[in-house]
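In what follows, a single structure is set out as structure tokens and then discussed.
The values are calculated or read from the model by the stated rules, or taken from the named source; none is laboratory data. Computed from a predicted structure; not experimentally measured. Note that each Cβ is placed from the backbone with ideal geometry, even for glycine, and that neighbours are counted across all protein chains shown. Keep in mind that these areas ignore ligands, DNA and RNA; they rest on the heavy atoms of the full protein, side chains included. Shrake-Rupley method; radii C 1.70, N 1.55, O 1.52, S 1.80 Å.
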Amino acid sequence: MDSSKLQQLLQKYWSGETTLEEEQLLKDHFQQAEVPDKLREVAAMFRYYEQTKKNALNDIAFDRTLIEKVTGKSKQGRMRSLVFNSMRIAAGVVVVMAATWFIRKEIRQTTPQEVVDTYNDPKLAFEETKKALMMISKSFGNAEEQAKKINMFNEAQEEIQKTSTSD
Amino acid sequence: MNLESFQTRVLPVKNKLYRFALRFLGNEDEAQDIVQEVFIRVWNGREQMTEVQNWEAWCMRITKNLSLDRIRTMTRKQTQPIEEGFAIMHSAPSPYESTEAKESMSRIAQIIAGLPEKQRQVIHLRDVEGYSYNEICEIMELDMNQVKVNLFRARNAVREKMTKINAYGL
């Protein structure tokens, strides 16, 4: 590239009017060893841009870790959620079991021991139960009789109301 | 998208993403971390990839957003401003970078590192990576005018600082 064309291109570059192709021409031009003194810094600038473009990651190690992360992570995630869900269910079961145990313990402690298993003979137990039920039904019978007496009051009240409304 | 097409189509863009993230963060490990995160996101959202027209620009945009998030958390955590980190990174030349040309290249790196963020990113995308203006608009989520203005200012700031260095040795 002759110097006048170079100056022209540089001018375009500074005013932000160069195309990508023209910018590449400038970069390529300044890669050459021979550069006049006054353009030394400009050359360094374009060389710096070209040099920076070579800056790269450690390819193999980076790819390997990334692929491991990307593929391993999803499997690990699935495993983790599976384990987590079963742990949750297990925790629920443990809570229910513990609650049942405590309630049973509480009931046993509060219930008087003499009530539990009073009779060893099933026949005797049956007789006693029958006796107790008979007693209850007898009490119900008595109560019913008493209730009938109360009913008489009701009927009397109704009669009074009838007479008072007819008056 | 299966793993094979992910490896052949998406993965090769990694160095561009890395350089872009590095331009934001100035730290190689952090940049690498960002690139990894971008790819994990792309893989997890691979079902929607078919709807994306320019997936390279899409990846670059995710890189930009993640890098900006990272900068925010970094500035919250550290008391030392990020720009200082940049200066350290670029001002310490390796033994191989002792020639004069290398020195002036490292000065350029410093000048660019000192630019405001948008200008720095736009000049990187254009002059290092060679993206078209439309692509830069898509990546940076800016309109054409903003992209051109940022590029113009960035190039001229670089030029001005280079002239100062030449004239006064500053």
Would you check if residue A:63 is within 30 Å of residue B:4 (Cα to Cα) and out of contact with any Lys or Arg (no Cβ under 6 Å at 6 or more places or on another chain)? yes
If we ask which residues in the stretch B:133-170 are buried (at least 18 other Cβ atoms within 10 Å of the Cβ) and small (Gly, Ala, Ser), their number turns out to be 2
Among (1) modelled with pLDDT under 90; (2) open to solvent by 100 Å² or more (accessible area, probe 1.4 Å), there is one condition residue A:130 misses while meeting the rest; what is its number? (1)
Filtering the stretch A:1-53 down to residues that are buried (at least 16 other Cβ atoms within 10 Å of the Cβ), under 16 Å from residue B:151 (Cα atoms) and of a type in the set (Ser, Thr, Tyr), which residue is farthest from the other protein chains (Cβ to nearest Cβ)? A:18
Taking the condition at pLDDT below 85, open to solvent by 70 Å² or more (accessible area, probe 1.4 Å) and more than 7 Å from chain B (Cβ to nearest Cβ), does residue A:82 pass? yes
